[in-house]
Amino acid sequence: MKTGPRLLLIALLAACGFLVAPTGSANAASLPGMVLTSATATLPSPLAGLATGKRIQYVSTDVNGTLITATALIMTPKTGKQNRVAAWAHGTTGLADKCAPSTSQSVFWPEARDATAALLSKGFTVAAPDYPGLGTAQSHPYLVGASEARATIDAVKAARNLDSALSTQYVLDGHSQGGAAALFANQIAAGYDGNLVLKGSASIAPVSGIDSLATMIPGTPIQGYLVMGLYGLQAVDATFNPNSVLATQAKTKQAVLTSGCLMEILTSYQSLTASQLLVGGALPAAVVTKLSHFDEPAQSTTTAPVLVVQGDADETIPKELTIYGLLPRLEAYSPPVTYIEVPSGTHDSAVTLSATDVATWLAARFT
């Protein structure tokens with residue numbers, strides 16, 4: 001798999017006049033969010049009519065606190081700008097560099113465009129991270145919440161480094177993989193975002209119930225998600241090798257993980273039986289425990305109010321996982337939790353159907 005971009009980061013920082021200090025020092029602590037490169041980006045329709053875009057490389061940290069590079073789109077409203085930032089955490093696109101939404105409009109999904117358009121219409125500058133490993137040299141820690149959360153918060157810092165007029169107050173919005181990322185970012189915000197102030201987060205169909213999903217998915221048409229999750233685990237746990245649990249027939253399809261994005265991956269694995277996917281037809285309990293450790297949100301208190309949106313016709317993240325698992329855990333913490341159920345909403349259509357309500361709720365966090 002890919003190696004970390006440490007040398008590139010050092011070179012870029014040195015070129016900018018920065019010395020890379022050991023992780024944990026005061027200098028290193030000030031680097032996350034620093035913009036390394038910035039270039040004008042062409043935005044997809046309908047966003048091009050609403051905003052100007054920049055694709056940036058910026059500094060973030062991995063789950064161990066080591067400095068890494070990450071990429072993102074920063075979108076600034078053409079009219080009605082309110083000098084406040086919303087981060088958009090996207091749903092699953094894939095594992096390969098070609099699956100970074102900042103450079104590949106084909107994976108800037110229609111529902112993501114709708115959600116982003118609603119935020120821009122409320123005057124938000126939108127910071128949209130690709131997540132580590134999408135568009136950069138390291139492997140993508142798919143579904144690993146601490147990874148995506150850091151990159152998301154640091155994208156907000158980067159937006160403010162591009163535009164000093166932006167407020168220190170910010171909100172988070174995300175779908176599916178990004179819905180969980182927004183929850184994880186809400187959990188770590190108080191200890192990670194420095195002088196920023198998180199006002200609230202919205203999560204549409206967030207990935208949760210990892211224990212249940214790990215047993216439900218094998219043998220179903222969406223089991224490609226599980227394969228990606230295994231490779232995401234490998235990216236942060238060197239003791240784990242997906243080949244130790246993938247069955248022979250599943251191993252023959254691994255090339256699609258680097259040659260394709262989400263739809264190609266799902267298509268490649270969809271017809272396998274559970275036994276053709278996994279040795280013995282199921283994941284060992286120890287592997288499920290590892291996945292839950294890294295991927296399950298709401299394992300610690302949130303920082304700011306939470307909005308959870310769930311389509312009642314969602315077959316990817318069934319609403320029962322949200323209602324009976326995620327919500328009770330979130331409600332046990334102090335920040336208030338609001339729940340909206342979208343009638344007839346599927347995993348993707350719930351984003352579009354709730355986009356205006358979500359953007360309105362997030363804007364209200366500032367009043």
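Where a number appears in this text, it was derived from the coordinates with a stated rule and is not lab data. Values in this document were obtained by computation on a predicted structure and should not be read as measured data. All Cβ positions, even for glycine, are placed from backbone atoms using ideal geometry, and neighbour counts span all protein chains on display.
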| note | Gyration tensor (Cα only) of the range 108-152 to equivalent ellipsoid, semi-axes in Å sorted down, yields 24, 11, 9
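Exceeding 18 Å between C-alpha atoms, which entries from my cross-link table qualify? They are 290/319; 157/199; 78/98; 54/157. Can you show the working numbers first?
Details: 290/319 24 Å; 157/199 15 Å; 78/98 28 Å; 54/157 15 Å.
Correct reply: 290/319; 78/98.
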| task | Enumerate the calculated ³J(HN,Hα) couplings along the range 92-100 in order (Karplus 6.51 cos²θ - 1.76 cosθ + 1.60, θ = phi - 60°), each rounded to whole Hz, writing x wherever the residue is Gly or Pro. | result | 4, 10, x, 10, 7, 4, 5, 9, 7
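I'm checking a number: the convex hull volume of the Cα atoms of the range 210-293, normalised per residue, in Å³. What is it? If you can, show how the numbers build up before the last one.
Numbers: hull volume 6.9 nm³, N = 84.
Roughly 82 Å³ of hull volume per residue.
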| query | Among the aspartates and glutamates, which fall within straight-line cross-link reach of residue 122, defined as a Cα-Cα distance under 19 Å, with same-chain neighbours fewer than 8 residues apart omitted? | reply | 111, 114, 163, 173, 357
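If you average the sequence gap of Cα pairs under 8 Å that are 6 or more apart and divide by the length of the chain, what percent do you get for the contact order? Let's see the in-between values first.
Working: 827 pairs, mean separation 60.0, N = 367.
Once normalised by length, the contact order is 16 percent.
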| field | Calculated on alpha-carbon atoms, Rg and Dmax of the chain in Å | value | 19.2, 57
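Given the Cα atoms of the range 116-198, and with Rh set as the inverse mean 1/r over their pairs in the Kirkwood sense, what is Rg to Rh to two decimals?
Working: Rg = 12.5 Å, Rh = 13.1 Å.
Using only Cα positions, Rg/Rh for the range 116-198 is 0.95.
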| Cβ-Cβ FRET estimate between residue 301 and residue 263, R0 fixed at 41 Å, reported to 0.05 | 0.65
| query | DSSP loop GluC sites (Glu not before Pro) in the range 261-367 with at most 12 other Cβ atoms within 10 Å of their Cβ, which ones? | reply | 315
| query | Are there any helices in the chain, counted as whole DSSP H runs, that stretch 20 Å or more along their axis by Cα and score at least -0.5 on average by Kyte-Doolittle, and if so which? | reply | 145-162, 177-192, 349-364
| request: For residue 243 paired with residue 285, estimate the spin-label separation in nm (one decimal), with each label point 7 Å from Cα along the Cα-to-Cβ line. | output: 2.8
